[in-house]
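The values are calculated or read from the model by the stated rules, or taken from the named source; none is laboratory data. Remember, it's a predicted structure, so these values are computed and weren't measured experimentally. All Cβ positions, glycine included, derive from the backbone under ideal geometry; neighbour counts span all protein chains shown.
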Amino acid sequence: MRAAPVQLGTALVAVRAAASAVLHVGDPQAFPKGAAGPATVADLAGQVAATLVLHERCGLQVRLAAEESWDEVVRCGGAGLMVHVARAVRATGLACDEATCERILRAGRDEGGTGAFWALDPLDGTKGYLRGGQFAVALALIIGGTPALGVLAAPRLGLQGTAPGAGVLFAAMHGEGAWQSPLVLTSIAEDAAHPAASDVSSDEQVPLHCAAWSPGMPIRVAGSVEAAHSDASGIEAALARVGSVQHVRMDSQVKYGLVARGGADVYARRSPSAGYAECIWDHAAGALIAQEAGCMVSDLHGRPLCFHQGRRLSTNMGVLCCPPLLHREALRACAATLG
Ligand code: AMP
Ligand code: MG
């Protein structure tokens, strides 16, 4: 289940390329994808940029389970936006035209499951992005049902605490810890073409450690802004049985990064939609980063997140991510209150 350093370099460049493409989109034109929420030119540009890097470095046959797909874009009326998508991708320095966008968006439909494959969310937290809140680009390499490496870019987050800032890159390799660094968005086209190139010098990388929570301390609970995505207030009420709750509402997988660096104590999530199964790209990178920073990550019944079921975590219910001591207490409180 180990990833190679060259694969980490590839992921760092792909995520930076996607973040750069997202930030080069001028007007974030959105189109609805039904229950899956909105997609925008930025979601598509991020996916095209990251996939171009994966193809450049790993070959066209690389397995990729990505959120956006050409068929869905066409079905939802987004195909006419390709001129804007290609423009944003070219602004990163990567070569791209409208036909390339279509070819690339046809290539991310891997069904996941067993073996080794990449999982990509090119713009996690689209509603946050449109609202001026947090969002993330998330890429993980999953091997044998377990995330082996994960990279998250949070272009609007600061380097400490929960405050906005100039951007952070979080990363982790299974068994080798997690770290963060400033998000640097230069030299993407050159890095994409050089398999050894990664991104930041090691002196900019700060190792991540989750908070040392102990009983009696307040519990800083990170949850969704969007009530349709998670019953954040129900979870906060459950955790109030364990200690006094301070809530941090933030969009996207950035919540895993917050907990990983001790800026929050818990990230917990429970969909209000009956039968909803979480998407693998919404959790693979963030969960590994938090785990490598010392957290326990499970679903709300304490089961490990199961990344070999396909594109969704279909045997899990919700997510609970926090330091081990708090995890035990939080599981008990959630079982008693949420069922
Ligand atoms: P957040 O920013 O934490 O609210 O989470 C954003 C993610 O919520 C998106 O990437 C969607 O995949 C996911 N999502 C969309 N609809 C639902 C739903 N009904 N229940 C749970 N998550 C959802
Ligand atoms: Mg997402």
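Among helices (runs of 4 or more DSSP H) lying entirely in the stretch 182-277, which contain 2 or more residues that are under 25 Å from Arg16 (Cβ atoms)?
It comes to 188-193, 254-260.
What about Ala153, is it within 16 Å of ligand 1 (Cβ to nearest atom), part of a strand (DSSP E or B) and closer than 19 Å to Leu44 by Cβ?
yes
How about the stretch 95-125: which of its residues are crowded, with 22+ Cβ neighbours inside 10 Å, at pLDDT 95 or above and either within 23 Å of the chain's Cα centre (by Cα) or under 26 Å from Gln253 (Cα atoms) (or both)?
Hits for the stretch 95-125 are Cys101, Ile104, Leu105, Gly112, Trp118, Ala119, Leu120, Asp121, Pro122, Leu123, Asp124, Gly125.
Hey, can you tell me all the residues within the stretch 30-68 that are part of a loop (DSSP other than H, G, I, E, B) and either hydroxyl-bearing (Ser, Thr, Tyr) or surrounded by fewer than 23 Cβ atoms within 10 Å (Cβ to Cβ) (or both)?
Hits for the stretch 30-68 are Lys33, Gly37, Gly59, Leu60, Gln61, Val62, Arg63.
For the structure I just gave you, tell me whether Leu300 is within 16 Å of ligand 1 (Cβ to nearest atom), more than 14 Å from the chain's Cα centre (by Cα), part of a loop (DSSP other than H, G, I, E, B) and farther than 21 Å from Val151 by Cα.
It is true that Leu300 is within 16 Å of ligand 1 (Cβ to nearest atom), more than 14 Å from the chain's Cα centre (by Cα), part of a loop (DSSP other than H, G, I, E, B) and farther than 21 Å from Val151 by Cα.
Output the qualifying pairs, or none if there are none: Cβ atoms under 6 angstrom, residues six or more apart or on different chains, first residue in the stretch 251-268 and farther than 8 Å from Ala222 by Cβ and among the aromatic types (Phe, Trp, Tyr), second residue in a helix (DSSP H, G or I) and modelled with pLDDT of 95 or more.
As it stands, the answer is Tyr256/Gly286; Tyr256/Ile289; Tyr256/Ala290, since those pairs meet every condition given.
Return the residues of the stretch 269-288 that are buried (at least 22 other Cβ atoms within 10 Å of the Cβ) and either within 17 Å of Phe135 (Cα to Cα) or touching a Ser or Thr at 6+ places or on another chain (Cβ under 7 Å) (or both); say none if nothing qualifies.
Scanning the stretch 269-288 gives Arg269, Arg270, Ile280, Trp281, Asp282, His283, Ala284, Ala285, Gly286, Ala287.
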